[in-house]
Amino acid sequence: MKLPHAFAPHRTWAQRSGALASWLLLASAGAHGATAAELATAQATVDQMPPSATLRKIVENGAIVLGTRESSVPFSYTVKQQPVGYSYDIALKVVDEIKKRLKLPNLAVKNVQVTSANRISYVVNNQVDLECGSTAHVADRDPLVAFSNSFFQYGIRMAVKKKSGIRDYADLANKTVATTAGTSDERMLRQMSIDKKLNLRIISARDHAEAFAALKSDRAVAFVMDDPLLYGKIAQEGAARNEYAVTGASLANEAYGCMMRKGDPVFKRIVDDVIANMQRSGEAAKLYDTWFMRPIPPDGMNLEFPMSPEMKALFANPNDRTVD
């Protein structure tokens, strides 16, 4: 599914909001699912394909289950109780390809909200078939789940209030810092505190919104997280965004990928091919521009986050390698 034209820059945000509401209604209405005859055709189709436990599960259930996030702006987040975002649009492109492969145009799409803490277990335990959000492909996750080709590369830094005077990690010594529970960022932050003897007091928040709220309310002096997510949370502050800065040397460079169950190379190949084709064709660059360089829902904020040279290199050479 392509993004609604509501986000075209020549329209007012009131017009965009109305079109967004219509699109969300259409998305909801399109979730009724396939008929018995369509599912029978899909079953015959999957029987003739190389074995794929995930595709077979999708046909048997008459639905694909996507793992979504509540507040990973602009990757996967909720607007009017419906998921939207850069990563979610990639997931919908995968769904379109699965519909074609299975000859199942009315395949239902079910969205299950996951958190940083439970997203891996939801994939492992068959509660979601595909999670495209803001999950880093790091080596210690490879024994648990499979990752698609990467769709975003970034650094790990910190958001602070400008008036705090904090510029790098040494300035955090003996202070309270927020991050999001269950992330690679949390692990690195705790290790850095030990290695550099910073004696940090770490708030492990349920999600990114809660972690940023700790910074906003001065319960923490910094929010350490993936830099695009930091820019996303700051952009949501509207006129107050100028009170915040993203600073510090990057703790690490990482990449996001879509997560799926291990041991299903047929399904992984479909997901990989969709992402690679989007990147090579220029479609991914257009999608990036929509979500990172233009007004996005629900309030028309603009992250103003230009594509990095690392991202351009990734699009030119799609791959599923870790960068940690």
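All of the numbers you see were taken from the coordinates with simple rules; none came from a lab. Keep in mind that what you see is a predicted model, and the values were worked out from it rather than measured. Please note: Cβ atoms are built from the backbone with ideal geometry, for glycine as well, and neighbour counts cover all protein chains shown.
Some points to look at:
- Amide H contacts for I203 (H built 1.01 Å from N in the peptide plane; partners 5 or more residues away or on another chain; cut-off under 5 Å): V177, A178, T179.
- Normalised convex hull volume, the range 155-253, alpha-carbon set, Å³ per residue: 80 Å³
- Amide H contacts under 5 Å for Q113, placed H, 5+ residues apart: T68
- Using the Karplus relation 6.51 cos²θ - 1.76 cosθ + 1.60 with θ = phi - 60°, the per-residue 3J(HN,Hα) values for the range 210-219 come to 5, 5, 5, 4, 5, 5, 4, 8, 6, 6 Hz, with x marking Gly and Pro.
- Projected label distance in nm at N174 and D218, using a 7 Å step from Cα toward the beta-carbon: 1.9 nm
- A dipole drawn for the chain from +1 and -1 charges on Cβ atoms has a positive end, and of P265, N302, S72 the residue lying farthest that way is N302.
- The range 82-158 versus the range 235-291: alpha-carbon centroid distance in Å: 11 Å
- The range 155-253 - percent relative contact order, Cα under 8 Å, separation 6 or more: 47 percent
- Nearest 10 degrees, 0 to 90: helix 283-292 Cα axis against the chain principal axis: 40 degrees
- Ranked by how many other beta carbons lie within 10 Å on average, peptides 82-89, 216-223 from highest: 82-89, 216-223
- Between A252 and E237, residue separation times 0.36 nm minus the direct Cα-Cα distance comes to 2.8 nm.
- Stretchable slack from T45 to E210, in nm (0.36 nm times residue separation minus alpha-carbon distance): 54.9 nm
- When only alpha carbons of the chain are considered, Rg and Dmax amount to 20.1, 65 Å.
- Electrostatic tally near A316: other residues with Cβ closer than 12 Å to its Cβ, Lys and Arg +1, Asp and Glu -1, net +1.
- Rg [Å, one decimal], Dmax [Å, integer] - the range 201-312, C-alpha atoms: 16.9, 48
- About its Cα centre, the dipole of the chain is roughly 380 debye, where the only charges are +1 on Lys and Arg Cβ and -1 on Asp and Glu Cβ.
- Residue order, fewest to most surrounding Cβ atoms within 10 angstrom, among E38, E60, E254: E60, E38, E254
- Evaluated with a Cβ-only charge set (Lys, Arg +1; Asp, Glu -1), the range 155-253 carries a dipole of roughly 300 debye about its Cα centre, given to the nearest 20.
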